[in-house]
Amino acid sequence: MKNIKEDLVGLMKSGYCTPRIIKIAKKLKAPSATIHYNLKQMEKEGIIKAYKAVFDYKKINEGFCSYILVNLSHDEYTEPGKVAKEFSAFPEVESVDIITGEWEILMKVRTADIDSLYIFVKAVLSRKGIEKTTTLNSLKQIKSEFVEL
């Protein structure tokens, strides 16, 4: 059989997962039709944006997790959403938040190792309008996407 694990991971990371309705129905002791109806309603109302898999990131070569705080220069300070949107296009970026306080942007980044992170940080720093960054490396993740690991 052809090994398409990498392709599957990419699709699942972008929302190509479906809920396990029968398992949910058993847990809630409710009919499957009721579960299906409510999920569809929640999707229609925009409450549910996507269904994602939660991975053992080490096994998909993304086990190095870092948080990068970004300060913007004065000319970019008024448009943090624009800069955040640009950062979100990088495949290493799991999440991007516009934050308050001493920093303007917080990124959660997943790479294979410190060398891959270095390449990513160089790309971020090369962008015009980035004044300063601080990188915090996660030693061990206990919970991700609301799931204890």
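Within the stretch 44-61, is even one residue at pLDDT 95 or above, acidic (D, E) and more than 24 Å from K5 (Cα to Cα)? Scanning the stretch 44-61, I find at least one residue that is at pLDDT 95 or above, acidic (D, E) and more than 24 Å from K5 (Cα to Cα), so the answer is yes.
None of K140, K132, K52, K59 is basic (K, R) and more than 27 Å from L8 (Cβ to Cβ) except K132.
Just the residues that are assigned to a loop (DSSP other than H, G, I, E, B) and either free of Cβ contacts under 8 Å to residues at least 40 places away in the same chain or of a type in the set (S, T, N, Q) (or both), please, taken from the stretch 129-145. Show your work before the answer.
Applying the first criterion (assigned to a loop (DSSP other than H, G, I, E, B)) to the stretch 129-145 yields 129, 138-142, 145.
Result: S138, L139, K140, Q141, I142.
Hey, could you check the stretch 111-128 for residues that are exposed (fewer than 15 other Cβ atoms within 10 Å of the Cβ) and either of a type in the set (V, I, T) or in contact (Cβ under 8 Å) with a residue 60 or more places away in the chain (or both) and say which is nearest to F87 (Cα to Cα)? Show your work before the answer.
To start, the set of residues in the stretch 111-128 that are exposed (fewer than 15 other Cβ atoms within 10 Å of the Cβ) comprises 113-115, 118-119, 122-123, 125-128.
Remaining after also requiring either of a type in the set (V, I, T) or in contact (Cβ under 8 Å) with a residue 60 or more places away in the chain (or both): 114, 119.
Details: I114: 19, I119: 14 Å.
In this case the residue turns out to be I119.
Do the conditions hold for V70, that is, is it in contact with a strand residue (DSSP E or B) (Cβ under 8 Å, 6 or more places away or on another chain) and either outside any helix (DSSP H, G or I) or surrounded by fewer than 12 Cβ atoms within 10 Å (Cβ to Cβ) (or both)? Against the criterion (in contact with a strand residue (DSSP E or B) (Cβ under 8 Å, 6 or more places away or on another chain) and either outside any helix (DSSP H, G or I) or surrounded by fewer than 12 Cβ atoms within 10 Å (Cβ to Cβ) (or both)), V70 qualifies.
A123 passes every criterion in (1) aliphatic (A, V, I, L, M); (2) at pLDDT 95 or above; (3) within 19 Å of the chain's Cα centre (by Cα); (4) not in a loop (DSSP other than H, G, I, E, B) apart from (2). Restricting the first member to the stretch 75-95 and to residues that are under 14 Å from L106 (Cβ atoms), and the second to residues that are in a helix (DSSP H, G or I), the beta-carbon pairs closer than 8 Å and six or more apart or on different chains are F87/V124; V93/F87. So which residues in the stretch 126-149 are at pLDDT below 95 and aliphatic (A, V, I, L, M)? Scanning the stretch 126-149 gives I130, I142, V147, L149. Checked against (1) over 17 Å from V109 (Cα atoms); (2) in contact with a Lys or Arg (Cβ under 6 Å, 6 or more places away or on another chain); (3) of a type outside the set (S, T, Y), K27 passes all but a single condition, namely (2).
Give me the residue from the stretch 120-149 that is of a type in the set (S, T, Y) and in contact with a strand residue (DSSP E or B) (Cβ under 7 Å, 6 or more places away or on another chain) and, out of that set, farthest from W103 (Cα to Cα). First the steps, then the outcome.
Step one: filter the stretch 120-149 for residues of a type in the set (S, T, Y), giving 126, 133-135, 138, 144.
From the residues that got through so far, the ones that are in contact with a strand residue (DSSP E or B) (Cβ under 7 Å, 6 or more places away or on another chain) too are 133-135, 138.
Values: T133: 9, T134: 9, T135: 12, S138: 19 Å.
For the stretch 120-149, the residue satisfying everything is S138.
Assessment of the stretch 26-33 against the conditions (hydrophobic (A, V, I, L, M, F, W, C) and either in contact (Cβ under 8 Å) with a residue 60 or more places away in the chain or surrounded by 15 or more Cβ atoms within 10 Å (Cβ to Cβ) (or both)) yields no matching residue. Just the residues that are surrounded by 11 or more Cβ atoms within 10 Å (Cβ to Cβ), in contact with an Asp or Glu (Cβ under 9 Å, 6 or more places away or on another chain) and part of a loop (DSSP other than H, G, I, E, B), please, taken from the stretch 73-93. The answer is S73, E76, Y77, E92.
The values are calculated or read from the model by the stated rules, or taken from the named source; none is laboratory data. Remember, predicted model here, so these are calculated numbers, not experimental data. Don't worry about glycine lacking a Cβ; one is built from the backbone with ideal geometry, like all the others, and counts go over all protein chains shown.
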